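The values are calculated or read from the model by the stated rules, or taken from the named source; none is laboratory data. Because the structure is predicted, anything quoted here is derived from the model rather than measured. Cβ atoms come from the backbone with ideal geometry, glycine included; neighbour counts cover every protein chain shown.
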Amino acid sequence: MSEYRERVDKRTDGPEKIDLIAIMRDVYQGIRKFWWLVIGLAVIFAIQSYFSVSSTYQPSYVASATMSVRTAGKSAGYINTQSAKQMAEVFPHILTSGVLQDVIAEEMGTDGVPGSIWAEADAGTNLFTVSVSANDPQLAYNILQSVINNYPKVAQFVIGETKLDILDETGIPTDTARDTVIRGSYRRGALKGAAIGCVIMALYIVTRRTVKSRKELKKNVNLEDLGAVPFVQEKKRKKKNTGNSLSLMNERVPQGYLEAVRRLRIKVTKAMEQNDYRSLLVTSSVPGEGKTTLTANLAIAIARQGQKVILVDCDPRNPSLASAMNDTEEHPGFGAVLRGEVEIEQALSKVEMPNGSLEILYGGEPNDKASRLLGTKAMGRLIRCLEKRADVVILDTAPSELLADAPALAKYVDAALYIVKYDCAKLRQIREGVRALGMSGIDIIGYTFNADKTARSTGYGYGYRYGGYSHYGNYSRYLGARDQEDTSGRVIKD
């Protein structure tokens, strides 16, 4: 067994290779998972920006007049482009000096000019445009008229006497900038929201590097590949709240799934018979890998071959076998047996089988204290007792990478089966889970790739999603900051 641990350590150390295909799959999964978030944030930020700008928007009214410049003493048709250019150039200096502003303020009877004034000349012409902005349309127009009347008087001391002929003016202005400002605000808000959504999606893609192929497992995990179980998807029109339908006891289970479990049963029983093993521990790396569902179906498949099987729910924090078997009755649980409160015969529940025999020792009510009994000698004695009553004892345990339950229990069990689900656990988590289990000295006969989407199992006519991480509420406190989110929408808890 020490040689096995050395091989596992050797395979699990060293840098991971970059898989471009896996990265592309992660990008695809990230887009599928978060496209609605990107759109949703874009809409939310656009609405927020729209109302924010709308409520704080201050209208600005601009009144303008375009005039031609004539130099005094010349004929009416004489065009003096140089005078227009000079007027535009000296306009800012006149405004800065305050002379024009004082004249306008005096004429309007105010302490200062209640607006902004600027001017520009059209290159190569004698056209000169003056513009005034204010927060009131009439006020902007009045200031413009005062500028037209008083500017030539003030400017004559700089460029001489000139006359202005008005060619075009806006009259009393309207607020034409509001629509442009509002449109710009919700566009900026939408871009901001979409950018935040893309950042979240990118973080998900970078941090979520889960295993999505048996080939990747074979390269990085030194365990025997016992095959794959296909992913089976529920059809919405047949979705009913009737418990776990992905059970071999259900006649509508897809034939592809039945064949996969049958092949797994053959390989598992062959390995156990060759080594004269009587007990089998089943575990996974993280919650949500469909472990309990697959364990229950494996037990049913073995029992149907005429063997006596005892299935034990050894996950006291989140006992799920009852749900997997569609059993709604109350059961004392294995913890009560270990404490001597109930005899084994009273705690075992018999499942009617056409050929063999299947008995189940359920987990009872969730109980953290019961997990302390898993590594005790009392648990070892219970397993020895169960082995005398059955041909095969199968124990469903908590994820080995998450908790120490499976490694603690492993010293009393002959062999272990490791469950790895498609796109659920990271390679690091699988390695650590296998390492923790292997250090106990148990013989890990291999792994099975669960919910394999590459098997194209959705074409069997009936479907069901399984292994829902969302139902692992009792594990939430043990997860810490680990990223163990599931994306396949499973609905059966495990």
Next item on the list: For region 103-138, name all the residues that are assigned to a helix (DSSP H, G or I) and free of Cβ contacts under 8 Å to residues at least 40 places away in the same chain.
Entry: A105, E106, M108, Q138
Notebook entry, point to check: Is at least one residue of region 341-352 surrounded by fewer than 24 Cβ atoms within 10 Å (Cβ to Cβ) and under 18 Å from T269 (Cα atoms)?
Noted result: no
Notebook entry, point to check: Here are T180, T174, T162: which of them is under 30 Å from T66 (Cα atoms), crowded, with 19+ Cβ neighbours inside 10 Å and among the β-branched types (V, I, T)?
Noted result: T162
Next item on the list: Considering each of V282, V337 in turn, give the residue that is within 24 Å of D452 (Cβ to Cβ), in the same structural domain as L248 (by TED's automatic domain parsing) and touching a helix residue (DSSP H, G or I) at 6+ places or on another chain (Cβ under 6 Å).
Entry: V282
Check: Within region 169-217, which residues are modelled with pLDDT of 85 or more, under 30 Å from the mean Cα position of the chain (by Cα) and among the aliphatic types (A, V, I, L, M)?
Finding: A190, L191, A194, A195, I196, V199, I200, M201, A202, L203, V211, L217
Notebook entry, point to check: Within region 192-206, is there a residue that is in a loop (DSSP other than H, G, I, E, B) and not small (G, A, S)?
Noted result: no
Next item on the list: Hey, could you check region 360-408 for residues that are in contact with a helix residue (DSSP H, G or I) (Cβ under 7 Å, 6 or more places away or on another chain) and acidic (D, E) and say which is farthest from G288 (Cα to Cα)?
Entry: D405
Checklist line | Residue pairs meeting the criteria (Cβ under 9 Å; at least 6 apart or on separate chains; first closer than 22 Å to A398 by Cα, in region 302-318; second acidic (D, E) and surrounded by 24 or more Cβ atoms within 10 Å (Cβ to Cβ)) | finding: L311/D396; V312/D396; D313/D396; C314/D396; D315/D396; N318/D494
Item checked: M353, sole failed condition from (1) among the hydrophobic types (A, V, I, L, M, F, W, C); (2) without any contact (Cβ under 8 Å) to a residue 40 or more places away in the chain; (3) in contact with a Lys or Arg (Cβ under 8 Å, 6 or more places away or on another chain) -> (2)
Note to self: Checking the condition within 37 Å of the chain's Cα centre (by Cα), of a type outside the set (S, T, N, Q) and within 20 Å of L281 (Cβ to Cβ), which residue from L358, L321, L338 passes?
What the structure shows: L321
Margin query: Just to be sure I understand the filter: pairs with C-beta atoms under 6 Å, separated by 6 or more residues or on different chains, first member in region 29-56 and closer than 15 Å to Y186 by Cβ, second member charged (D, E, K, R). Which pairs pass?
Written below: F45/K192
Item checked: Selection status of G290, touching a strand residue (DSSP E or B) at 6+ places or on another chain (Cβ under 6 Å) and at pLDDT below 95 -> yes
Check: If we scan region 249-259, do we find a residue that is at pLDDT 90 or above and small (G, A, S)?
Finding: yes
Notebook entry, point to check: Which residues, taken from region 303-324, are in a helix (DSSP H, G or I) and of a type in the set (S, T, N, Q)?
Noted result: S323
Check: Quick check, is P92 at pLDDT below 75 and not assigned by TED's automatic domain parsing to the domain that holds K192?
Finding: yes
Next item on the list: Please work out which residue is surrounded by the fewest Cβ atoms within 10 Å (Cβ to Cβ), limiting yourself to region 11-67 and to residues that are at pLDDT 85 or above and of a type in the set (F, W, Y).
Entry: W36
Checklist line | Qualifying positions in region 342-383 - hydroxyl-bearing (S, T, Y) and more than 15 Å from P319 (Cβ to Cβ) | finding: S357, T376
Next item on the list: Might you check whether a residue that is modelled with pLDDT under 75, under 60 Å from the mean Cα position of the chain (by Cα) and of a type outside the set (K, R) occurs anywhere in region 142-159?
Entry: no
Notebook entry, point to check: Quick check: anything in region 460-479 at pLDDT below 90, within 26 Å of T269 (Cα to Cα) and assigned by TED's automatic domain parsing to the domain that holds G333?
Noted result: yes
